[in-house]
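Computed from the coordinates by the stated procedures, all read-outs in this text should not be read as laboratory data. Remember, predicted model here, so these are calculated numbers, not experimental data. Methodologically, a virtual Cβ is constructed for each residue, glycine included, from the backbone with ideal geometry; neighbour enumeration extends over all protein chains shown.
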Amino acid sequence: MPQSLARILIHTVFSTKNRESVFLDSAFRSEAHAYLGGVVKTLGCVPIQIGGTADHVHLFTTLSRTITIAELVKETKRVSTNWIQEQGSGTKSFHWQAGYGAFSVSESNCRAVVSYIENQEEHHRTVTFQEEYRMFCRKHGVEIDERFVWD
């Protein structure tokens, strides 16, 4: 077969450094999510749904067959950090947390993940980012060492 094809769906989650509430303003949050989508596109991936709350983001994307998950996250964080820092005095020291979670999604669960990300504000009225992250890790069989997961 001369052609190489892939359709890999990834749900990536990461927070702001120390879960600082940088995206309290919903207009700025929407702008940041759109910017993240643009970064994802420049890396050859397709943003399916991007959302989150004041202190973290969910990226539901395809994974290009020419990039690793680590490269996707590293470049998305690097480029978006620069942009966020340029947005104003309150964001000049902005950083994302060092780590991230990336979880595979089957095509049959695509709509459920989109819906989950769309409803982040409602979801986080009762669940913290840390509780949500622990839940994702348990659901996907990932063990975490809490001494190193939160920064």
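With label points built 7 Å along Cα→Cβ from the Cα atoms of residue 111 and residue 78, find their separation and express it in nm. Label at residue 111, label at residue 78, 3.9 nm between them. Using the Cβ-Cβ distance between residue 92 and residue 130 with R0 set to 35 Å, the FRET efficiency works out to roughly 0.85.
The stretch between residue 118 and residue 103 holds 3.7 nm of extra length on full extension. This uses 0.36 nm per residue minus the Cα-Cα distance.
If R0 equals 30 Å, the separation of the Cβ atoms of residue 150 and residue 4 corresponds to a calculated FRET efficiency of about 0.20. Each residue of region 24-38 was assigned a 3J(HN,Hα) from its phi angle through the Karplus curve 6.51 cos²θ - 1.76 cosθ + 1.60 (θ = phi - 60°); the sequence is 5, 6, 5, 5, 5, 4, 4, 5, 5, 5, 5, 5, 4, x, x Hz, with glycine and proline shown as x.
Taken as Cα centroids, region 123-137 and region 58-111 sit 18 Å apart, rounded to the nearest whole angstrom. Of the trypsin sites (Lys or Arg not before Pro) found in region 70-136, the ones in coil according to DSSP and having at most 15 other Cβ atoms within 10 Å of their Cβ are 92, 125. Couplings 3J(HN,Hα) of region 66-75, computed from phi: 10, 9, 8, 4, 4, 5, 4, 5, 4, 5 Hz, in residue order, whole Hz [Karplus 6.51 cos²θ - 1.76 cosθ + 1.60, θ = phi - 60°; x for Gly and Pro]. Largest GNM mean-square fluctuation across 127, 13, 46, computed for the chain with C-alpha springs under 10 Å, falls on 127. Across 51, 90, 37, mean-square fluctuation computed from a Gaussian network of the chain (C-alpha pairs under 10 Å connected) peaks at 90.
Computed on the chain, with alpha-carbon pairs under 8 angstrom and 6+ residues apart, the relative contact order is 31 percent. If you run the Gaussian network model on the chain, springs between alpha carbon atoms under 10 Å, then out of 102, 34, 112 the most flexible one is 112.
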